[in-house]
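Everything below concerns the one structure shown next.
Only the coordinates and a few stated rules stand behind these numbers; no lab work does. Note that the structure is a prediction, hence the values are computed from the model and not measured. Here the Cβ positions follow ideal geometry from the backbone for every residue, glycine too, while neighbour counts run over all protein chains shown.
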Amino acid sequence: MKIIIIEGPDNTGKNTLIQSIIDNNKVVKLVHCDKPVSEDPFEEQCKLFWSHAYNIVQDNRNKDIDVIVFNRYYQGEYVYGQMYRNGDPEKIKWMINETEKYLINNLDEDDIYYVQLLSTSPKQLKKYDDGKSLSGAELEKIQKECNLFKDVFDFSILKKKHIIYVNDGDNFRDRNDILIEFQDFINM
């Protein structure tokens, strides 16, 4: 069973890539991590991310599932927790590290794939904002989100991780090119 984590700022094509994964695999379990709603978002996120990690380990015993795909997971908390919930970056890093160590210690690390979709052009993400992003299509916030996503990618201790840049200058890359790059990474 493969565990695939898809992360990145809004409007980078996460849902499009995830749909391709679903279309190209027999049995896919899709998990979407939403923003916290409680008074203590850090505590809520810790519980949520660790319960997902525990469930992955349990699902790994189920040979009927080919792929578990995360549409956002704990990496996004490093970005959105800091920017929109006054989260302590050191506490969030601790949570990320503990979650990753648990996954590595309880699964075959070669089955865990972390893919970060990023853009080198915040203007491009602003241009295609769907009105639902937390940044509110503010260029400065989009740039900060991109920088923090890159930071959390670099911080991750997962062995199989890859950044896919979704743009070529100020234009989106062809979806098929992005899918081919993703498949090449997964099949290495």
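Sort Thr99, Thr16 by Cβ crowding within 10 Å, fewest neighbours at the top.
Final ranking by Cβ density, sparse to dense: Thr16, Thr99.
Across the stretch 106-123, in residue order, what do the Karplus-derived ³J(HN,Hα) couplings come to in whole Hz, using 6.51 cos²θ - 1.76 cosθ + 1.60 with θ = phi - 60° and x for Gly and Pro?
Working through the residues one at a time gives 10, 9, 6, 4, 6, 9, 9, 10, 10, 10, 10, 8, 9, 10, 8, 10, x, 4 Hz.
For the stretch 156-166, what does the Karplus curve 6.51 cos²θ - 1.76 cosθ + 1.60, with θ = phi - 60°, yield as ³J(HN,Hα) per residue in whole Hz, taken in order and with x for Gly and Pro?
After applying 6.51 cos²θ - 1.76 cosθ + 1.60, I find 4, 9, 5, 6, 9, 9, 8, 9, 10, 7, 8 Hz.
Of all the C-alpha pairs in the stretch 2-186, what % are more than 29 Å from each other?
Looking at the stretch 2-186, the distances longer than 29 Å represent 18 percent of pairs.
Across the stretch 41-49, in residue order, what do the Karplus-derived ³J(HN,Hα) couplings come to in whole Hz, using 6.51 cos²θ - 1.76 cosθ + 1.60 with θ = phi - 60° and x for Gly and Pro?
x, 5, 4, 4, 5, 4, 4, 5, 5
Treat the count of other C-beta atoms within 10 Å as a stand-in for reagent exposure and order Val166, Val69 from fewest to most.
Listing Val166, Val69 from fewest to most nearby Cβ atoms yields Val69, Val166.
Give the long-range amide H neighbours of Gly8: residues separated by 5 or more places, or on another chain, with amide H under 5 Å away, using H modelled in the peptide plane at 1.01 Å from N.
Amide H neighbours of Gly8: Leu117.
Placing one identical point scatterer on every Cα of the stretch 34-84 and ignoring solvent, what is log10 I(q)/I(0) from the Debye formula at q = 0.13, 0.22, 0.29, 0.31 Å⁻¹?
The calculated log intensity ratios at q = 0.13, 0.22, 0.29, 0.31 Å⁻¹ are -0.37, -0.83, -1.16, -1.25.
Quick check on the stretch 11-60: what are the equivalent-ellipsoid semi-axes from the Cα gyration tensor, as sqrt(5λ), descending, whole Å?
25, 17, 6
Can you compute the helix-only [θ] at 222 nm over the chain? Use -39500 (n - 2.57) per DSSP H run of at least 4 residues, normalise by all residues, nearest 500 deg cm²/dmol.
One gets -16000 deg cm²/dmol as the mean residue ellipticity at 222 nm.
Which far-off residues, 5 or more places away or on another chain, put their amide H under 5 Å from the one on Ile68, with H placed in the peptide plane?
Answer set, sorted by chain and number: Lys2, Ile3, Ile4, Lys29.
In the stretch 2-186, what percentage of the DSSP-assigned beta bridges are antiparallel, given to the nearest 5?
10 percent
Long-range amide H contacts for Asn167: which residues qualify at under 5 Å (H placed 1.01 Å from N, peptide plane, sequence gap of 5 or more or a different chain)?
Thr120, Arg173
Which value, in debye to the nearest 20, gives the size of the charge dipole of the chain about its Cα centre, when Lys and Arg are +1 and Asp and Glu are -1 at the Cβ?
In debye, rounded to 20, the chain gives about 140.
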